[in-house]
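What follows is one structure encoded as structure tokens, with my remarks underneath.
The values are calculated or read from the model by the stated rules, or taken from the named source; none is laboratory data. Owing to the predicted nature of the structure, the values given are computational and were not obtained by experimental measurement. Note that we place each Cβ from the backbone using ideal geometry, even for glycine, and neighbour counts take in every protein chain shown. Please note that ligands, DNA and RNA were not included when accessible areas were found on the heavy atoms of the full protein model with its side chains. Shrake-Rupley method; radii C 1.70, N 1.55, O 1.52, S 1.80 Å.
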Amino acid sequence: MVTLHNLGFPRIGAQRELKFGLESYWKGQSTRDELKLLGQRLRHQHWQQQNQLDWLPVGDFSFYDQVLDMSLTLGHIPNRFRDFNGDALDQYFRIARGRSALDAEQQARCVEGVAAGEMTKWFDTNYHYIVPEFKADTSFELDASRLLTELEESKKLGIRGKPVIIGPVSYLYLGKSKDGSDKLQLLPRLIEVYAALLHELAKAGAQWVQIDEPILVTDINNPWRHALEQTYHNFKACPIKILLTTYFGALQENAWLAANLPVAGLHVDGIAGRDEILSLIGLMPEFKILSLGVINGRNIWATDLNATLNWLKPIAKRLGNRLWLAPNCSLIHVPVDLSLETNLDSEIQHWLAFATQKLNELHILGTALNYGSETAADALEKNRLAIVSRRESRRVTRHETQSAINTLCTTMGQRQSNYAQRNKVQQKQLNLPLFPTTTIGSFPQTPEIRKTRQLWKSGQLKHNAYTAAMQSEIKRCIDAQKKLDLDVLVHGEAERNDMVEYFGEQLEGYAFSQLGWVQSYGSRCVKPPILFGDIHRPKAMTVDWACYAQSLTNKPVKGMLTGPVTMLNWSFVRDDQARSLTCKQLALAIRAEVLDLEKAGIQIIQIDEPALREGLPLRQSQQSAYLQWAVEAFRLSANGVQDATQIHTHMCYSEFNDIMPAIAELDADVITIETSRSDMELLEAFDHFNYPNEIGPGIYDIHSPNIPAKCRMVELMIKAARRIPANRLWVNPDCGLKTRQWDEVIPALQAMVTAAQELRGLEYDAATV
């Protein structure tokens, strides 16, 4: 019999209950006990939604981030967080966001909080994790209470629970050494604590534990391979069965290692690594369980169950009881439940599967394999019709878009002049000071803004009234920026619900869910639009808003766009054609908008690409091809403008040092990046790479409610000026201000502007100006 299980379920709740519970707690509007009770209720609901499986994940729920959860389980807490009052949950949130929930009196005493843990992308996804910080003297001390509590909860509900933890080698791999020491030297200490944890779980009644080691689908050298061997040979004596779990790619040269580590079972990504499954079976000992990830946990298209079943039948016959089936990765990367969608186009809805539906797909496959295809005949036929409907739909193809793609030429991606020449033209036109100040684009979105958009979309507010309301908010943003004395202004993006969805709503080829929310980090959720067909831009999308903002000031106002690579990577993307081709279609739509903004007199246009690094394949052998078409798509979108038009782009919360040549190839006049949480570590690449254009290293961490000190901002910019000429540096936050409050934003930006003014008064060596 085939065994069915799941690697992880979305935590946020079908109605984003976790988001609202967290934000209420942080504001002091609810208690710690109420938040914990909400977490327990969500866990129970999620187990109920998975009850058709044989083994359910326990410990996959998190109040903020699973890597941070693992850090606290290991007693791994940076020293700067140890001297605060409060319990473990307070400590947890301080690491995540710089502060916990504080009452008004505490807020007054602790305005700046503490520097939050660094945050970056989880492999090649849009999920962000809190980076573990290591030093040579780092110690670990087990605290298994969270896992033991949740395991006990599952037992009381009669659930066969499988605890889920991040493996020790991947945990080290994901962290950063803060003193230059070798992280792997910490492995013996870490193994000791993990072994104690496995014994505690076994003592509590767990039969299986899922240990995630996604490092196995990356390019790892011999020391890291040896670390895996050392770790799991040490775990052989532990009285619990280990399911070693990989995802996000194929094993490739790590296949023999993964197949022969001394564990009871191995889970592999059967979506990305399908071609290596048969050879992997030949490498595995005959006693070992093989779990295949056969349902795509990264996208929302319905699985072709009949084709998958035909592939699995001979494997099931060969392996018998040794075959387990699951999604290829945790389902935190997809929305919760498609059945809650009431406004989604009915034809497109039949093509989709969210987390709940994906588990139903898994159940259908298990039923067909265990009891014969005829026992699932109705479900299989319904699935077949949906697959055929999507394949044959005329809504997917647009001939004018395909014709435009076929007429592309290389000159469309080239600026008229090189950076040095056009920089002179731009300096003369814009007349900006040294260390010009700006923001990344969005300003706080108040409940009133969201309510106005909601009323307009539902038809309860007339278009003229909506336009007037948005213009009023734009004026508020412009007035605030003028008062702050920022040099380059933005209109604030009050009209935008999301930086991708807003543009997708105005492009043909996209569909939209109501409740298709996915966790990005903590309480931050995104609702990726569904890119199902060829892209077409029927009209201008941003020009009127940008022109209105520019009419309110003599200072330059940036036109704000989302770039094609981010539009691609932050959507649920069609899987019936190459992603590179879809990206070119998006680039043509953005290019048309850029040219319309320029024609309307907008002198600076920012094309955000925060997801450029995120889409980079995990394997180095595949990276150059991706970077080539990603850079080509950005250049196609940006480079039709005149020399006098200044092109900006923005990237955040990823490691960029290894792709600096590709970023330079974008040929944006100005790039802004996140550097505040990493203490300018991202600029270390400039020690070895002479970046040719202007750069704004973000010095205000907007993902924390803390208000940064002016002296700290000056310190960060002085660090930047040691690597980049001062006349090519901008001063800005590290991301948009949409999620912050006005009472946080204004003093933070005041400090930022004051920092820039102080920097202008300093003297710089001739070599740095």
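The table below lists the values:
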| quantity | calculated |
| --- | --- |
| Convex hull per residue volume in Å³, alpha carbons only, for segment 592-683 | 97 |
| Compactness relative to 2.2 N^0.38 Å, alpha carbon Rg of the chain | 0.95 |
| Net +/- balance of residues flanking Leu186 in space, Cβ distance below 10 Å, scoring K and R +1, D and E -1 | +1 |
| Segment 308-435, dipole about Cα centre (Lys/Arg Cβ +1, Asp/Glu Cβ -1), debye to the nearest 20 | 820 |
| Estimated FRET transfer efficiency (Ser279, Glu152; beta-carbon r; R0 35 Å; 0.05) | 0.25 |
| Accessible area of Ser389 in the full protein assembly, 1.4 Å probe (Å², nearest 10) | 40 |
| Gyration tensor verdict on segment 30-89 (Cα atoms; rounded if a/c is under 1.5, prolate if a/b is larger than b/c, oblate otherwise) | oblate |
| Most positive-pole-ward Cα, Tyr25, Gly8, Gln49, against dipole of segment 1-83 from beta carbon charges | Tyr25 |
| Under Karplus coefficients 6.51, -1.76 and 1.60, residue-wise ³J(HN,Hα) of segment 54-70 in Hz, glycine/proline x | 7, 10, 10, x, 10, x, 7, 6, 8, 7, 8, 7, 6, 6, 4, 4, 5 |
| Helix 222-234 axis, angle to the chain major axis (alpha carbon atoms, nearest 10°) | 40 |
| Per residue Cα convex hull volume in Å³ - calculated over segment 220-261 | 71 |
| Dmax and Rg, reported as Rg then Dmax, of segment 284-414 (C-alpha, Å) | 18.8, 60 |
| Dipole magnitude of segment 570-632 about its Cα centre (Cβ charges: Lys, Arg +1; Asp, Glu -1), debye to nearest 20 | 200 |
| Those trypsin sites (Lys or Arg not before Pro) in segment 631-737 that DSSP places in a loop and that have at most 16 other beta carbons within 10 Å | Arg722 |
| Helix axis angle, 88-97 relative to the chain longest principal axis, alpha carbon, degrees | 40 |
| Given charges at beta-carbon only (K, R positive; D, E negative), |dipole| of the chain in Debye | 840 |
| Cα radius of gyration and Dmax for segment 347-501 (Å) | 26.1, 76 |
| Ellipsoid semi-axes in whole angstrom, largest first, where each is sqrt(5λ) of the Cα gyration tensor of segment 128-272 | 24, 20, 14 |
| Principal axis dimensions, largest first and in whole angstrom, of segment 433-485 by Cα | 47, 16, 13 |
| Computed Rg/Rh of segment 52-196, alpha carbon atoms with Kirkwood Rh | 0.99 |
| Separation of the Thr375 and Thr553 label points, Cα + 7 Å toward Cβ, nm | 6.7 |
| Cα gyration tensor shape of segment 458-568, rounded if a/c is under 1.5, else prolate or oblate by comparing a/b with b/c | prolate |
| The chain: calculated mean residue ellipticity at 222 nm from DSSP helix runs of at least 4, using -39500 (n - 2.57) | -12500 deg cm²/dmol |
| Partner lysines for Lys313 [C-alpha distance under 28 Å; skip if fewer than 8 residues away on the same chain] | Lys162, Lys241, Lys288, Lys358, Lys382 |
| Unit charges at the beta carbon, dipole of the chain: most positive-side option, Val131, Cys525, Leu172 | Cys525 |
| Dipole axis of segment 586-696 (+1 Lys, Arg; -1 Asp, Glu on Cβ), positive-most option in Ser637, Gly696, Thr675 | Ser637 |
| In Å², nearest 10: area of His44 left accessible to a 1.4 Å probe | 60 |
| Projected label distance in nm at Glu229 and Lys539, using a 7 Å step from Cα toward the beta-carbon | 6.6 |
| 10 Å Cβ shell holding at most 14 others, DSSP loop, GluC sites (Glu not before Pro): longest site-free stretch of the chain | 287-762 |
| Fully extended contour minus Cα-Cα distance, from Gln622 to Glu665, at 0.36 nm per residue | 13.7 nm |
| Residues of segment 154-284: accessible area per residue with a 1.4 Å probe, Å² | 38 |
| Spatially proximal lysines relative to Lys719 (Cα-Cα < 25 Å; intrachain offsets below 8 disregarded) | Lys121, Lys135, Lys176, Lys178, Lys710 |
| Fraction of accessible area attributable to carbon and sulfur, the chain (%, probe 1.4 Å) | 49 |
| Net length gained if the chain between Gln15 and Glu508 were fully extended (0.36 nm per residue, minus Cα distance) | 174.7 nm |
| Where Cα atoms sit under 14 Å apart: lysine pairs in segment 455-557 separated by 8 or more or lying on different chains | 4 |
| Helix 17-26 vs. the chain, principal-axis angle (Cα, 0 to 90°, nearest 10) | 60 |
